[in-house]
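Okay, structure first, notes after.
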Amino acid sequence: MKTVCLVGLLGLILLCSCEDSLNKQRSEIRLSFSGFSQAFYARKGEEALPFVSRRTFDYYDRLLPDLLFADEKRLSELPPFALFACLALRYEYRLEELKTMTGRMIVREAFNSMTFPGGAPHFLDIGEILIRKSGEEATATVFLAPGEKHDGALVSFIREDGMWKVDLTSVFEGLSSQLEAYLKDPTASRAERALHYLQVHENRQIGGEILQPMGR
């Protein structure tokens with residue numbers, strides 16, 4: 001009987017210890033997100049970068065070849081978010097600038113202007129945090145700015161370099177699903193439809209030359 005009680009007590013202690021650990025991780029994630037938000041909304045890109053997972057920078061590093069060299073056909077084959085990101089960045093930067101940029105630089109410059117690269121949503125705050133893999137990965141619900149639609153949005157946090165960092169790429173697939181609706185037109189290529197959407201969004205005429213390779 002004593003053995004059973006002891007085992008039960010030890011199990012209870014372990015459960016409490018585990019929950020304490022998870023709560024500590026949730027607090028660390030909130031603190032990290034707070035640091036990111038303060039820097040982001042202050043337009044201090046360099047200060048925001050330490051709170052961002054390297055997965056985000058890697059995404060734009062992989063996108064750079066298409067950003068520079070993809071023609072209209074290749075652009076039309078890209079997932080919606082990557083397509084819109086390429087066009088938005090081609091519109092924003094000259095070829096000479098893009099040739100010297102890295103994914104990290106793209107993200108930093110976007111934060112300096114208080115935007116997310118390629119149109120990722122502005123997270124006003126995070127809600128419920130779920131630890132997916134203790135000490136390694138977690139997800140959190142997000143609160144968005146008015147007018148931004150991303151139902152059921154979850155953003156990931158990755159443990160890197162001893163701290164929790166936000167992985168912006170975790171919302172890109174969901175955004176792609178939403179953007180796909182703007183690309184359905186049998187009379188135009190996906191790249192042309194994306195350019196039209198960008199023109200409407202920017203409320204100005206944008207030349208079709210940005211559908212051509214920049215690095216030609």
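Read-outs: derived from the displayed coordinates by stated rules, not from any lab. Note that the coordinates shown come from a computational prediction; the quantities given were computed from them, not determined experimentally. Don't worry about glycine lacking a Cβ; one is built from the backbone with ideal geometry, like all the others, and counts go over all protein chains shown.
Just a few scattered comments:
- Restriction of the trypsin sites (Lys or Arg not before Pro) in segment 160-194 to DSSP coil positions whose beta-carbon has at most 15 other beta-carbons within 10 angstrom yields K184.
- Against the main long axis of the alpha-carbon atoms of the chain, helix 80-92 sits at an angle near 60°.
- Helix 103-112 and the long axis of the chain differ in direction by around 90°, with both axes built from C-alpha atoms.
- Prolate/oblate/rounded call for the chain, Cα gyration tensor, a/c under 1.5 rounded: prolate
- Lys pairs, the chain - Cα-Cα below 16 angstrom, 8 or more residues apart or on other chains: 4
- Order of D61, D185 - criterion: other Cβ atoms within 10 Å of each residue's Cβ, fewest first: D185, D61
- Estimated FRET transfer efficiency (T115, K24; beta-carbon r; R0 25 Å; 0.05): 0.15
- In degrees, nearest ten, helix 54-69 long axis to first principal axis of the chain (Cα): 10
- From helices alone, the chain scores -17000 deg cm²/dmol at 222 nm; the rule is -39500 (n - 2.57) for each run of n ≥ 4 DSSP H residues, then divide by the residue total.
- Cleavage-rule hits, trypsin sites (Lys or Arg not before Pro), segment 15-106, DSSP coil, Cβ neighbours within 10 Å at most 14: R43, R94
- Net +/- balance of residues flanking S76 in space, Cβ distance below 14 Å, scoring K and R +1, D and E -1: -2
- Length gained on full extension, R54 to F69: 3.0 nm, using 0.36 nm per residue less the C-alpha separation.
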